[in-house]
1. Can you tell me the alpha carbon radius of gyration of the stretch 29-142 divided by the globular rule-of-thumb value 2.2 N^0.38 Å?
2. Give me the net charge of Gly73's neighbourhood, meaning all other residues with Cβ under 14 Å from the Cβ of Gly73; Lys, Arg count +1, Asp, Glu -1.
3. Quick one: give the max-minus-min coordinate of the C-alpha atoms of the stretch 182-246 along each principal axis, largest first, in Å.
4. Given labels modelled 7 Å from the Cα in the Cβ direction, how far is it in nm from Ile98 to Thr40?
Amino acid sequence: MEEKKEQNESISARIIGAVKSGEIKMRPKWHFIFRAILWTVGVAIVALALVYSASLFVFIMARTGIWVAPVFGLRGLVVFLTSLPWLLLILVVVFIVILEIMVRRYSFAWRQPLIYSTVAILIVVAAGGILIAATPFHSELSHCRPFERPLPPSYIGASVPPRGSDCGTGIYRDLGPRRFNDIHAGVITEFSLPNFTISNRQQEKLLILVTRRTRLPFGEDFMVGDAVVVVGERQGDQVEAFGISEIDQ
């Protein structure tokens with residue numbers, strides 16, 4: 001006990017000596033408080049960005065009907081993989097890694113196995129993404145019809161709105177004109193049995209051609225006004241349906 005006490009006193013003496021000689025610089029308490037606040041704010045910003053990205057990913061999957069594609073077999077799975085918003089998915093993964101690194105700084109995280117904190121982050125992100133995607137948040141941000149936004153003075157009196165002004169801004173605008181690989185989501189407007197017409201998000205009228213090879217995994221009891229997703233190659237304003245499924249919009 002005496003030997004241990006002497007060692008502690010020796011270490012304390014060396015530390016005090018280093019401080020007095022200037023080898024160790026003492027920092028005020030506010031410095032550590034400020035750094036802790038900045039770190040917490042950083043974690044909050046990354047967490048919000050992560051949840052936003054995850055919810056946008058879920059929103060795109062639901063809005064475009066991509067998630068339905070695998071039910072149509074191997075071709076549907078290929079269409080699903082080629083149509084995924086991979087850039088957004090990679091961004092979600094990057095944010096998860098950054099958040100995990102930042103969270104590991106806190107004692108409640110580094111004292112636990114890495115898998116625990118990772119699973120906890122995944123659960124929170126998945127739940128938050130699904131909940132936000134279910135709200136009108138993304139729908140309101142992505143909704144913008146022609147002439148809904150004020151035209152700049154240079155366009156007053158013009159017969160055509162400025163290019164790119166018809167469907168929100170940024171990534172939301174891309175949801176409008178973008179056509180996913182062989183995936184067509186829309187609302188049924190009329191029937192000409194066995195075929196029918198849908199109106200997609202871009203307000204285009206597409207004639208859906210139903211053949212004997214068309215797969216209908218959840219039945220064919222469709223009605224005018226039903227939202228459907230169609231997998232098939234588009235030729236002009238016609239789509240020969242490989243598979244059709246009703247979806248929630």
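1. Ratio of Rg to 2.2 N^0.38 Å for the stretch 29-142: 1.30.
2. Charge balance in the 14 Å sphere: +2.
3. 26, 23, 19
4. With each label point 7 Å from Cα toward Cβ, the separation is 2.1 nm.
Quick note: the coordinates plus some simple rules give every number you see, no bench work behind them. Not measured: the values here are computed from a predicted model. Every residue, glycine among them, receives a Cβ derived from its backbone with ideal geometry; neighbour counts consider all protein chains shown.
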